[in-house]
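Structure first, commentary second.
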Amino acid sequence: MKPTDTSDPDYFHKVVDCQWACPAHTPVPAYIRLIAQGRYSDAYMLNRESNVFPGVLGRVCDRPCEPACRRTRVEEEPVAICRLKRVAADHRDDITDRLPKKPAKTNGKKIALIGAGPASFTVANDLAPMGYECTIFEKFDKPGGLMRTNIPAFRLPENVLMEEIGYILDMGVDLKLGTPVNSMKELLKEDYDAVFVGTGAPKGKNLSLPGREEADANIHIGIEWLESVAFEHIDKIGKEVLIIGVGNTAMDCCRTSLRLGADSVKVMARKPRAFFKASPWELEDAEEENVDILVNHSPKAFVHENGKLTGMVFELMEYDVDENGKITDSRVTGEKTIACTDVILAIGQNNAFPWIEKDAGIEFDKWDVPVVDKVTFESSQKGVFFGGDAAFGPLNIIWAVRHGHEAAISIHKYCHGESLTQRRPDQLKLEPTKMGMFEWRYSNAFDDSERREMDHVALTERFSNLGTEVELGFSPEKIATEVQRCLNCDVQTVFDAPKCTECDACIDICPVECLSIVPNAEEPVLRDAVNATNPDQALYVSEDLPYTGRVMIKDEDVCLHCGLCAERCPTAAWDMQEGIITIPHADDQNALDKIFEAAE
Amino acid sequence: MPSFTKPKIHLKNEKKNDIGLIRADYDGVMSTLCAGCGHDSVTAAMARAFFELSIGPHKAVKVSGIGCSSKTTSYFMKEAHGNNTVHGRMPSVATGAMAANPHFTYIGVSGDGDSLSIGAGQLVHAMRRNINMLYMLENNGVYGLTKGQFSAAADLGSTAKKGEVNNLAPIDPCALALSVGATFVARSFSGDKEQLVPLIKAGLKHKGFALIDVISPCVSFNDHKGSTKSYEHTYKYYHKAVHADYVPPSAEIRASYDDGKTMPIELHDGGLINLRKLDSGYDPTDRASAFSKVLESQQTDEILTGLLYIDETTQDFATRKKLPGRGLNTYPYEELNPGADKMKDLMREFG
Ligand SMILES: Cc1cc2nc3c(=O)[nH]c(=O)nc-3n(C[C@H](O)[C@H](O)[C@H](O)COP(=O)(O)OP(=O)(O)OC[C@H]3O[C@@H](n4cnc5c(N)ncnc54)[C@H](O)[C@@H]3O)c2cc1C
Ligand SMILES: Cc1ncc(C[n+]2csc(CCOP(=O)(O)OP(=O)(O)O)c2C)c(N)n1
Ligand code: SF4
Ligand code: SF4
Ligand code: SF4
Ligand SMILES: [Mg+2]
């Protein structure tokens, strides 16, 4: 194999599994170290740079980082990354004077942002401090998008959301509430330099089965129903509620029903548990509230008497599952009617743009989804950008944020007549962590503590008020323990082949035996030498070693970043260095010319 | 010494041996040796060999003398039995222990100082008695523990750290072993686990005395230019003559070795040691041939390694001396000690 090119920023970035998995590439281990030092405000600010809404995301992020977390290679549970983000938010001081200020003078460029969800707010957050005049149009009277209308307050308190939205508005962003954009063509006629569409995927899917129309009064579309609850148009529901679907929307619907007076709530799933779409923690939280989840029930018809819903008929399903967990066959084994007063449909959302005229210059594909460039987020109409759920269908908040950052870069370039595709690449900087012979500026000792559990408000108390936040946050003990579980994957093992005397000390000390010195060979042979069984994770291969011409190899998959190799190496051929990865933002694109010049 | 103890980690794809243990179950306490010491690498090789042979640590005995090398019995197989004896006296203690309980696996760990100076007499007699044990002689050419004086294994012309030249002829442990009837004689290098681990396994399974002279550089006192026991020198002049693999009792595996290129040696446990000759023209089962090969290599700079000699036919000490197979520790005190009257009778015989 060729020696590994560690100067490619992606190489070390991939080693930081959480950061790589995070759509916004939040530098998780770096902020966890700040929390460990009690520097909550610094941790908050570092978070905010990439994800803009640490307080919100510290509660309700979809947390793709956690299943990716390296910790799961050596035990069951990942680091409670999301909870620690909330710790930074909960314990921060007033950080308003550390935020970008409204610039004294604008740059004269006007940007229209449609929809006041996380995507538009991220674009505004990045562009307003640079002098752009950002105007957000929102059809509702309150900002926040689905974070406000659909994520229930018992998961995300309104004040937390409003505070973080407020930071952005204070940068001089003009928010026009109760102002739907009804015509794209009209908007394009106004003198905006660029338009950003962050209107989300607002249409809940319907389920057309017999009885649907007759019993309409007690059949609700999940996201519309949650929206009505959020705006207090609905404040009660019948005693027996069935939720159709088992995604995250279903979880919010069932838990909200319990708070609006339902005695019995059943979530009806068509398939077995392994196929549920909801995140494991959302399922857990719902089950803690005594929601029943019934598997293998496929909806067949609504039952009604005199136009009033009385129940629902389900087909009982049986599935054949192969060894890869895929369904190969299914059959109906019977039928069952379950009585209910209400049904909530939580089976998905779609994009919908009734306000974009067919001849507005924006191309849509056959599913009515706009054609949006995956890198620049520009639509087929120059100067019109899409992001968040509006771009590629429903995702989540952190993806909306990522889209927002990227769109902001594009808008900035567009307004300056620069090529949208010449974007500053990610950058990597390595900084030493060595403080003494066996001393590093990170806590390198492996801590075998188990993941700390979140404390919850007592069941009775939480049902009494729709807005009572269920999760209490981490106690000081939990914070202190959980931060130590992080392996500091960004403190990289950096190897300097000419220094190595092939003494094997590093190989022998490594607690996960991920190192070896072997004659160079093809990848499968080298992988076998260190039992590197995960093909998604890199195998590091050094330059030829001075004494024998063999190579040092390392399975990045299981490395604990404990630094024992570096502590044991007599020649400091292994070193532990913090890899700082800089993700481009709109405001650091100006140095671009220099970077491209240097590269030429 | 590192800032914290090596943790025991359970990986998702961790390998278990036949008795359900993982490699890390064969570790000991943290080494206090200098970072980069060859001895630590030999320790790791021993731990790996015991793991791969699925020998329960509670069924192994580690014995050693005095020296950095001798300290290393603490650094592997925490749960094994063991004794750090006085300087150079490990073979006597091993002999006694083996007589008391022959059912355990015995491994002795020593250095070139411990074995070739103060303990030379003990080593020689353990070899000629063919005590059933593996003796690891971790050879760095110096007394590491006492700060780097030349040992009896230092080569002519090799220099000390401060420049002093050694002008006394060295003792070659392998030549010594061959001359006093040792039945398993090998040389290896701490930097070559591919050779060393199989050798250790073969040595542990050999019935009789097995000596492995392992070049094991002392990073602190003998790893400089001018030293003939440095990493650089050893890698440069290292020469593999015979590779040995231990093959556990299993007919299928054995069949594939009957190809003429390799030489299988039957062991007492039904397994075999498979010799792969990398040098032609010499027979590792012929003592004279091995002896001349070792002497020849002394004339060159070449470091001759591998299983240099093996003899599975000579009976070990316990068999030859008809020691009871059940071990002396199973006899009640009264039987072991005939009493004062019997003693008097006996003394009278000599009188
Ligand atoms: C029930 C539910 C629970 C969820 N839970 C989570 C969770 O826990 N974690 C997570 O990460 N994600 C969650 N999501 C997904 C997440 O809320 C969305 O992915 C995210 O809010 C998308 O952001 P956005 O900015 O693209 O659009 P949205 O948040 O949808 O905001 C779009 C805004 O545009 C406005 N708008 C639409 N059309 C117009 C128009 N023509 N003129 C003016 N304004 C307009 C809308 O009123 C809305 O305010 C959940 C979604 C649902 C439905
Ligand atoms: C009776 C006695 N004499 C001398 C010593 C001092 N002494 C300690 S270790 C050692 C030599 C060890 O050399 P070696 O066996 O090669 O071990 P190394 O440290 O090189 O591994 C000596 C002479 C001693 N401990 N006891
Ligand atoms: S251990 Fe820490 S740095 Fe590593 S993936 Fe998990 S959270 Fe990220
Ligand atoms: S400990 Fe250092 S010198 Fe020894 S093999 Fe490892 S990297 Fe090379
Ligand atoms: S002094 Fe030499 S032999 Fe002793 S521990 Fe240090 S390097 Fe090893
Ligand atoms: Mg020595």
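The values are calculated or read from the model by the stated rules, or taken from the named source; none is laboratory data. These numbers were taken from a predicted model, which means no experiment stands behind them. Cβ coordinates were reconstructed from backbone atoms using ideal geometry, including for glycine residues, and neighbour counts include every protein chain displayed.
Observations on the structure shown:
- Identity of the residue in segment B:108-155, free of Cβ contacts under 8 Å to residues at least 60 places away in the same chain and of a type in the set (S, T, N, Q), that ends up surrounded by the most Cβ atoms within 10 Å (Cβ to Cβ): B:Ser115
- Residue within segment B:26-34 that is free of Cβ contacts under 8 Å to residues at least 60 places away in the same chain, touching a Pro at 6+ places or on another chain (Cβ under 7 Å), among the charged types (D, E, K, R) and crowded, with 19+ Cβ neighbours inside 10 Å present: no
- Across segment A:40-82, the qualifying residues are those that are within 13 Å of ligand 3 (Cβ to nearest atom) and hydrophobic (A, V, I, L, M, F, W, C), and the one among them that is farthest from the chain's Cα centre (by Cα) is A:Val74.
- Residue match in segment B:62-74 (condition: touching a helix residue (DSSP H, G or I) at 6+ places or on another chain (Cβ under 6 Å), assigned to a strand (DSSP E or B), more than 16 Å from ligand 5 (Cβ to nearest atom) and β-branched (Val, Ile, Thr)): yes
- Selection of segment B:86-96 for residues being in contact with a strand residue (DSSP E or B) (Cβ under 8 Å, 6 or more places away or on another chain) and surrounded by fewer than 22 Cβ atoms within 10 Å (Cβ to Cβ) yields only B:Val93.
- Within segment B:80-107, if we keep just the residues that are closer than 25 Å to B:Lys6 by Cβ and touching a residue at least 40 places away in the same chain (Cβ under 8 Å), the residue that is nearest to ligand 6 (Cβ to nearest atom) turns out to be B:Ile107.
- Residue, farthest from A:Ala217 (Cα to Cα), within segment A:270-310, restricted to residues that are basic (Lys, Arg) and over 30 Å from the mean Cα position of the chain (by Cα): A:Lys300
- Selection from segment B:217-244 of residues that are away from ligand 2 (no atom under 16 Å from the Cβ) and under 12 Å from B:Ser158 (Cβ atoms): B:Lys225, B:Gly226, B:His233
- Unique match (being within 14 Å of ligand 1 (Cβ to nearest atom) and either of a type in the set (Gly, Ala, Ser) or assigned by TED's automatic domain parsing to the domain that holds A:Glu186 (or both)) among A:Ala124, A:Ala128: A:Ala124
- Take the conditions (1) within 30 Å of A:Arg451 (Cα to Cα); (2) touching a His at 6+ places or on another chain (Cβ under 9 Å); (3) assigned to a loop (DSSP other than H, G, I, E, B); A:Ile237 misses just one of them, which is (1).
- Pairs, first at the interface with chain B (Cβ under 7 Å from one of its Cβ atoms) and under 18 Å from B:Phe221 (Cα atoms) in segment A:558-575, second more than 16 Å from ligand 3 (Cβ to nearest atom) and not in a loop (DSSP other than H, G, I, E, B), C-beta under 8 Å, six or more apart: A:Arg568/A:Ala505; A:Arg568/A:Cys506; A:Arg568/A:Asp508; A:Arg568/A:Ile509; A:Cys569/A:Ala505; A:Cys569/A:Cys506; A:Pro570/A:Ala505
Residue-wise test of (1) among the charged types (D, E, K, R); (2) at pLDDT below 95.
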site: A:Leu309; (1), (2): no, no
site: A:Asn324; (1), (2): no, yes
site: A:Ala339; (1), (2): no, no
site: A:Leu345; (1), (2): no, no
site: A:Gly348; (1), (2): no, yes
site: A:Trp367; (1), (2): no, yes
site: A:Lys374; (1), (2): yes, no
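- Filter result (within 16 Å of ligand 6 (Cβ to nearest atom) and more than 20 Å from B:Lys193 (Cα to Cα)) within segment B:40-67: B:Ser64, B:Gly65, B:Ile66, B:Gly67
- Hey, A:Ser410 in a loop (DSSP other than H, G, I, E, B) and either farther than 30 Å from A:Glu288 by Cα or touching a Pro at 6+ places or on another chain (Cβ under 6 Å) (or both) or not: no
- Candidate set: segment A:539-567, residues that are more than 13 Å from A:Thr493 (Cα to Cα) and in contact with a strand residue (DSSP E or B) (Cβ under 9 Å, 6 or more places away or on another chain); chosen: the one surrounded by the most Cβ atoms within 10 Å (Cβ to Cβ): A:Val551
- Selection within segment A:31-68 - farther than 17 Å from A:Ile398 by Cα and out of contact with any Leu (no Cβ under 7 Å at 6 or more places or on another chain): A:Arg33, A:Ala36, A:Gln37, A:Gly38, A:Arg39, A:Tyr40, A:Ser41
- Pairs linking a residue in segment A:84-104 that is exposed (fewer than 13 other Cβ atoms within 10 Å of the Cβ) to a residue that is among the polar types (S, T, N, Q), with Cβ atoms under 8 Å and 6 or more positions apart or on different chains, are A:Asp93/A:Ser41.
- Residues that are within 10 Å of ligand 4 (Cβ to nearest atom), more than 7 Å from every other protein chain (Cβ to nearest Cβ), among the β-branched types (Val, Ile, Thr) and not in a helix (DSSP H, G or I), drawn from segment A:494-522: A:Ile517
- Residue among A:Ile327, A:Ile293 that is surrounded by fewer than 17 Cβ atoms within 10 Å (Cβ to Cβ) and either touching a residue at least 40 places away in the same chain (Cβ under 8 Å) or basic (Lys, Arg) (or both): A:Ile327
- Test: residue in segment B:40-55 that is away from chain A (no Cβ under 14 Å), at pLDDT 95 or above, assigned to a helix (DSSP H, G or I) and surrounded by 23 or more Cβ atoms within 10 Å (Cβ to Cβ): yes
- Exclusive hit being within 32 Å of the chain's Cα centre (by Cα), away from ligand 2 (no atom under 16 Å from the Cβ) and buried (at least 21 other Cβ atoms within 10 Å of the Cβ), set A:Asp508, A:Asp490, A:Asp504, A:Asp536: A:Asp490
- Residues satisfying the stated conditions in segment A:446-487, i.e. crowded, with 16+ Cβ neighbours inside 10 Å, part of a loop (DSSP other than H, G, I, E, B) and within 14 Å of another protein chain (Cβ to nearest Cβ): A:Phe446, A:Leu487
- Where a residue in segment A:467-491 is more than 30 Å from A:Trp574 (Cα to Cα) and away from ligand 1 (no atom under 16 Å from the Cβ) and its partner, wherever it lies, is modelled with pLDDT of 95 or more and assigned to a strand (DSSP E or B), with Cβ under 9 Å and at least six apart: A:Leu472/A:His456
- Test result for B:Ser31, within 13 Å of another protein chain (Cβ to nearest Cβ), within 16 Å of ligand 5 (Cβ to nearest atom) and modelled with pLDDT of 95 or more: yes
- Candidate set from segment A:348-374 (those that are aliphatic (A, V, I, L, M) and touching a Pro at 6+ places or on another chain (Cβ under 7 Å)); member that is farthest from A:Glu190 (Cα to Cα): A:Ala352
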